[in-house]
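This report refers to the structure that appears directly beneath it.
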Amino acid sequence: MAERRGVSKVNTKNTKIAVLGMGHVGLPTALGLAQLGWEVIGADSNPQTIDTLKQGKSWFYEPDLEPLLKKHLDSGLFIPTTDVDGAVADATVLFVCVGTPQGDDGKADLTQIESIARVVARNLNGYKLIVEKSTVPAITAHWVKRTIARYAQIEGRPNGKKNGNGKNGKRNHAVLPHFDVASNPEFLQEGKAVENFFNPDRIVIGVDSERARELLEAIYRPLNCPIVVTNPTTSELIKHAANAFLSTKISFINMVSDICEAVGADVVNVARGIGLDPRIGTGFLNAGIGFGGYCFPKDLRAFAYLGEEHGADCSLLREVERINLHRLEVFMKKVRKALWVVQGKTIGVLGLAFKPRTDDIREAPALKIVDALLREGASLRLYDPEGMPNAKRVLPEEKGRVTYCRTAYEAAAGSHALLVLTEWNEFKQLDLTRLHELMEVPVLVDGRNLYDPSEAHRAGFEYHSMGRESVGHHIPMLSAAKPVARRKQASALSKAEKSTEKIRAVVN
Ligand code: UGA
């Protein structure tokens, strides 16, 4: 691996870029490149996606994306199109941002990557640099290269002529235009994709030619960050290893969280206490209901699959996944412990998206919890700042069972418990006293450790969080509280809660 060095000599004057796939990775990448001054064709075969983009709207929620979209539709630097063949034919640098969903056994399904390789093959009208941005298993670049070379020999060019055919219809290898396949994994986080694009920690490029390296360096030079140059296979592996490592950190802290709860320690302080050691780092040490989304769960499985396929022991990764899946049960136990009987209870749910600042609900831990609560007979009042339209598609409103609310306060109103499942900033800023007043029974189960337990307690809540002691719940804790604090707490209690507290005191 080599750090970025020197200034490239490659001539990029007429270089056009095509970004293939206008999803969560492709669209921010295309607009980021347009902002850097490149002429970018944004291609996607879905006409609805392209129609929406042409109207200056993104088909998914991502902060700061729409202003950039409008700006570069106006500047003419971003041209959305459904004509994928045309985009490939017109451009020199092709960023491949199509989906790599999970196939059988967790193996990555590379059908869309293969079909792009075939589009490239039939539009190879000059030098092209094909850049894998989608997360793919190691060795995919080799296959993309082979596929292009293989199909360029048999597929017709758009003008109907066989590519480089000799007299007898046989392939003439000498005239096949040169092309390179590079890996340039993205590290964009949903909810921060635009911010991440312009402020990367590093850029990784996996190349096997100087020309490809110089082109990619020229494209990214204005971002002024370390560029790690390596071969395509290593670059592909860096992406999987990065996501696997971050997932491991989360499962590690979740395991520590369970130990903290068992012995009466505080996982937030443990995370801080270990994270300030720069060898460990403070990021991705928030304990909670686990990781979700389109990337971590599927990339972890794909990485383990790849390793095992090649004989490596990937039991660590399997365990990371197992711990993550088990978070659902850890959280549900907490809910059952707090409510005793879930059946027939009205429960407010704050957060449906897999993480804040996105409307993405794919593999969202929150939805798994919602599903479990419904199966146990609860009636739910749901709220998420952005995720509700997507959630409604998989879980429609149902009178008396599933109610979507306009605000967090509306979700809390009349509830026997309020659950926090996504770490939105908006939830951090809620007025806990107001929430408390609105609820039938003031039980707060916080799956993301958003609140300070003593503040939640002061507002009158029985508060359960992850890897920290519950407050307002156990008799020993109530009797240990200072008399003055208890007086304050009592005055904050509603009538309904006072009677609930009394019942609890008797029961306990
Ligand atoms: C992740 C990586 O962070 C990006 O670098 C990468 O580019 C991307 O996957 C991808 O492969 O495309 P993303 O899935 O958008 O990004 O979301 P993250 O911010 O990484 O969060 C993933 C999940 O972990 C969320 O459910 C989040 O709530 C959870 N999480 C995160 C925790 O439970 N604890 C933490 O401390 C951090």
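Taken over the range 135-153, residues that are touching a helix residue (DSSP H, G or I) at 6+ places or on another chain (Cβ under 8 Å), farther than 30 Å from Q189 by Cβ and open to solvent by 70 Å² or more (accessible area, probe 1.4 Å) amount to 1.
When restricted to residues that are open to solvent by 10 Å² or more (accessible area, probe 1.4 Å), part of a loop (DSSP other than H, G, I, E, B) and of a type outside the set (A, V, I, L, M), the range 423-474 contains 14.
Does V256 satisfy being closer than 23 Å to H464 by Cα, more than 11 Å from the ligand (Cβ to nearest atom) and open to solvent by 30 Å² or more (accessible area, probe 1.4 Å)? Against the criterion (closer than 23 Å to H464 by Cα, more than 11 Å from the ligand (Cβ to nearest atom) and open to solvent by 30 Å² or more (accessible area, probe 1.4 Å)), V256 does not qualify. Return the pairs, sorted by first residue and then second, in which the second residue is open to solvent by less than 10 Å² (accessible area, probe 1.4 Å) and in a loop (DSSP other than H, G, I, E, B), the first residue lies in the range 371-393 and is under 17 Å from D360 (Cα atoms), the beta carbons are less than 6 Å apart, and the residues are 6+ apart or on different chains. From the range 371-393, the pairs are Y383/C405; D384/G351; D384/L352; D384/A353; G387/L352; G387/A353; A391/L352. Each residue in the range 410-422 was checked for being open to solvent by less than 40 Å² (accessible area, probe 1.4 Å) and over 12 Å from L352 (Cβ atoms), and 6 of them qualify.
Residues are listed down the side, and each one gets a yes or a no for (1) in a loop (DSSP other than H, G, I, E, B); (2) more than 24 Å from the chain's Cα centre (by Cα):
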{"residue": "I280", "(1), (2)": "yes, no"}
{"residue": "D299", "(1), (2)": "no, no"}
{"residue": "E321", "(1), (2)": "no, no"}
{"residue": "K337", "(1), (2)": "no, yes"}
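Whenever a residue of the range 125-146 is under 24 Å from G23 (Cβ atoms) and of a type in the set (F, W, Y), its partners that are open to solvent by 10 Å² or more (accessible area, probe 1.4 Å) and part of a loop (DSSP other than H, G, I, E, B), lying with C-beta atoms within less than 9 angstrom and at least six residues away or across chains, give the pairs W143/L110. Across the range 173-205, the qualifying residues are those that are more than 13 Å from the ligand (Cβ to nearest atom), open to solvent by less than 60 Å² (accessible area, probe 1.4 Å) and closer than 21 Å to A121 by Cα, and the one among them that is modelled with the lowest pLDDT is L176. Counting only residues that are of a type outside the set (V, I, T) and within 16 Å of the ligand (Cβ to nearest atom), the range 92-151 holds 15 of them. Pairs linking a residue in the range 443-460 that is at pLDDT 95 or above to a residue that is open to solvent by 40 Å² or more (accessible area, probe 1.4 Å) and not in a helix (DSSP H, G or I), with Cβ atoms under 8 Å and 6 or more positions apart or on different chains, are V443/H416; R448/N286; R448/E423; N449/N286; L450/E423; P453/E469.
Please tell me if A480 is modelled with pLDDT under 95 and hydrophobic (A, V, I, L, M, F, W, C).
yes
Only residues that are within 14 Å of D258 (Cα to Cα) and either of a type in the set (A, V, I, L, M, F, W, C) or surrounded by 14 or more Cβ atoms within 10 Å (Cβ to Cβ) (or both): list them for the range 326-343, please. Result: H326, R327, L328, V330, F331, M332, K334.
Beta carbons closer than 6 Å, at least 6 apart along the sequence or on distinct chains, pair a first residue in the range 15-33 that is farther than 17 Å from V119 by Cβ and within 15 Å of the ligand (Cβ to nearest atom) with a second that is open to solvent by less than 20 Å² (accessible area, probe 1.4 Å) and of a type in the set (A, V, I, L, M) for P28/A193; P28/V194; T29/V19. Scanning the range 17-61 for residues that are among the small types (G, A, S), open to solvent by 10 Å² or more (accessible area, probe 1.4 Å) and in contact with a helix residue (DSSP H, G or I) (Cβ under 6 Å, 6 or more places away or on another chain) returns S45, S58. Within the range 297-319, the set of residues being without any contact (Cβ under 8 Å) to a residue 60 or more places away in the chain and either within 15 Å of the ligand (Cβ to nearest atom) or hydrophobic (A, V, I, L, M, F, W, C) (or both) comprises L300, A312, C314. Exactly one residue out of L237, L215, L246 is under 28 Å from K13 (Cβ atoms) and either open to solvent by less than 50 Å² (accessible area, probe 1.4 Å) or within 16 Å of the ligand (Cβ to nearest atom) (or both), and it is L215.
In this structure, P67 qualifies as open to solvent by 30 Å² or more (accessible area, probe 1.4 Å) and either out of contact with any helix residue (DSSP H, G or I) (no Cβ under 8 Å at 6 or more places or on another chain) or part of a helix (DSSP H, G or I) (or both). When N168 is tested against (1) modelled with pLDDT under 95; (2) surrounded by 13 or more Cβ atoms within 10 Å (Cβ to Cβ), exactly one condition is not met: (2).
The values are calculated or read from the model by the stated rules, or taken from the named source; none is laboratory data. Fair warning: this is a prediction, and the values are worked out from it, not measured in the lab. Counting neighbours? That spans all protein chains shown, and the Cβs are built from the backbone with ideal geometry, glycine included. The accessibility values were calculated without ligands, DNA or RNA, using every heavy atom of the protein model including side chains. Shrake-Rupley method; radii C 1.70, N 1.55, O 1.52, S 1.80 Å.
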